[in-house]
């Protein structure tokens, strides 16, 4: 985070105020999505010996991995709190909306992870392709740059990127100190429950 802050705060110092909080708020959300979905890819395959001996619903293995990652993610939130305090970022009452986005993110990640873990049982090579997709996705999620620098003709990349909406919703209450936008909340809810 320190390296990214030094490099990108130099590039975006005029357009992003308090860059460490901006960066970490996006990085944490994307990190949870990335680690949970990557871990879940092989959750059923890795649990095959146990699943053959004892009847356990297969989705339990995937949900266990996601829950473990979510606990780690919540502990990582302490880093964000420390950075907010060190940088003296303004904390408003609107931070109470952040848990809503985090719950919707958890539901969304569960959906994506269950789909990926099922597909991986039949197509083992998808785990390698998925890692490449995650690399592309992080650059298409406005994690470390302002969304405004994307030219209007390419804004559709952010619009159709579900992870971006969760990052934006979380930043709205934590970084900007504003209540969530209703449009963003509706989109995040729909994405979560569709997946």
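The values are calculated or read from the model by the stated rules, or taken from the named source; none is laboratory data. As the structure is a computational prediction, the values presented were derived from the model and not from experiment. Here the Cβ positions follow ideal geometry from the backbone for every residue, glycine too, while neighbour counts run over all protein chains shown.
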### Message
Restricting to segment 1-28, name every residue that is touching a helix residue (DSSP H, G or I) at 6+ places or on another chain (Cβ under 6 Å), modelled with pLDDT under 80 and under 12 Å from residue 142 (Cβ atoms).
### Response
16
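What residue, among those in segment 39-50 that are buried (at least 16 other Cβ atoms within 10 Å of the Cβ) and more than 15 Å from the chain's Cα centre (by Cα), is modelled with the highest pLDDT? Spell out how you get there, then give the answer.
Of the residues in segment 39-50, the ones buried (at least 16 other Cβ atoms within 10 Å of the Cβ) are 39-44, 47.
After this cut, where a residue has to be more than 15 Å from the chain's Cα centre (by Cα) as well, the list is 41-44, 47.
On the way: 41: 86, 42: 83, 43: 82, 44: 77, 47: 76.
My answer is 41.
Across segment 152-175, what is the total count of residues that are touching a residue at least 24 places away in the same chain (Cβ under 8 Å) and under 21 Å from residue 16 (Cα atoms)?
Keep residues of segment 152-175 that are touching a residue at least 24 places away in the same chain (Cβ under 8 Å), which gives 161-175.
Remaining after also requiring under 21 Å from residue 16 (Cα atoms): 163-175.
The total comes to 13.
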### Task
Go through the residues of segment 150-162 one by one and say whether even a single one is closer than 14 Å to residue 33 by Cβ and touching a helix residue (DSSP H, G or I) at 6+ places or on another chain (Cβ under 8 Å).
yes
### Query
Within segment 62-100, restricting attention to residues that are in contact (Cβ under 8 Å) with a residue 24 or more places away in the chain and more than 30 Å from residue 20 (Cα to Cα), which residue is surrounded by the most Cβ atoms within 10 Å (Cβ to Cβ)?
62
### Query
In this structure, does residue 147 turn out to be surrounded by fewer than 16 Cβ atoms within 10 Å (Cβ to Cβ) and within 20 Å of residue 22 (Cα to Cα)?
yes
### Task
Looking at (1) surrounded by fewer than 15 Cβ atoms within 10 Å (Cβ to Cβ); (2) free of Cβ contacts under 8 Å to residues at least 12 places away in the same chain, find the lone condition where residue 115 falls short.
(2)
